[in-house]
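Below is one structure, written out as structure tokens; comments come after it.
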Amino acid sequence: MRAFNHMDEARSRMMSAIRRSDTKPELAVRRVIHGMGYRFRLHRRDLPGTPDIVLPKYRVAIFVHGCFWHRHQGCKKNTMPKTRVDFWQAKFAANVARDEKCSKALSDAGWTVLVVWECETRDLSSVEGSVRGAIAKGGLLPGAHAADRRSIRCEAGC
Ligand SMILES: [Zn+2]
């Protein structure tokens, strides 16, 4: 029993190491944001869900989600394995529930949450558009007129 626990622990350490490592879609999104000239932080563990990329100045939290693990709706990568279907369904449901919970906690704390799906990183100009949109939502886009800024804030419910 003890040996099993030990192995389980080693495996979970390995899994979290995998999760921490930088995925290819994540690197692509980082390059886009860097190219836009914004400063960002990575993997803020003090924030719900440890967002992959954070723009603290604009209170934007970005998650780069794998389409399979996070169940991208309507995406062809959102497939169901043919064996152990119950296991996978439970696992996927837990992933989606956690994503929703973390996203809500961030929104409640005044963060703008942007999810970039793995398949979307094939079109980097569209990713750039989404990032701009998220930044503008906070009303803090550099160069925005003060009046624009105010109206955006009002729409956000002030
Ligand atoms: Zn997808």
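Want the number for Thr23 to Met80: 0.36 nm per residue separation, take away the alpha-carbon distance, what's left?
Working: separation 57, 0.36 × 57 = 20.52 nm, distance 2.18 nm.
Length difference between fully extended and current span is 18.3 nm.
First measure r as the distance between the Cβ atoms of Lys104 and Arg45, then evaluate 1/(1 + (r/R0)^6) with R0 = 25 Å and state the FRET efficiency to the nearest 0.05.
On the way: r = 19 Å, r/R0 = 0.74.
So the FRET efficiency works out to roughly 0.85.
Need one number: % antiparallel among DSSP beta bridges in the stretch 20-147, to the nearest 5. Numbers along the way, then the final one.
Working: 5 of 11 bridges.
If I count the DSSP bridges inside the stretch 20-147, around 45 percent turn out antiparallel.
Give me the base-10 log of I(q)/I(0) for the stretch 20-147 at each q in 0.09, 0.17 Å⁻¹, Debye formula, one uniform scatterer per Cα, rounded to two decimals.
-0.28, -0.91
Since every read-out is calculated from the coordinates, none of them should be taken as a lab result. Computed from a predicted model, the values in this text were never measured in an experiment. Methodologically, a virtual Cβ is constructed for each residue, glycine included, from the backbone with ideal geometry; neighbour enumeration extends over all protein chains shown.
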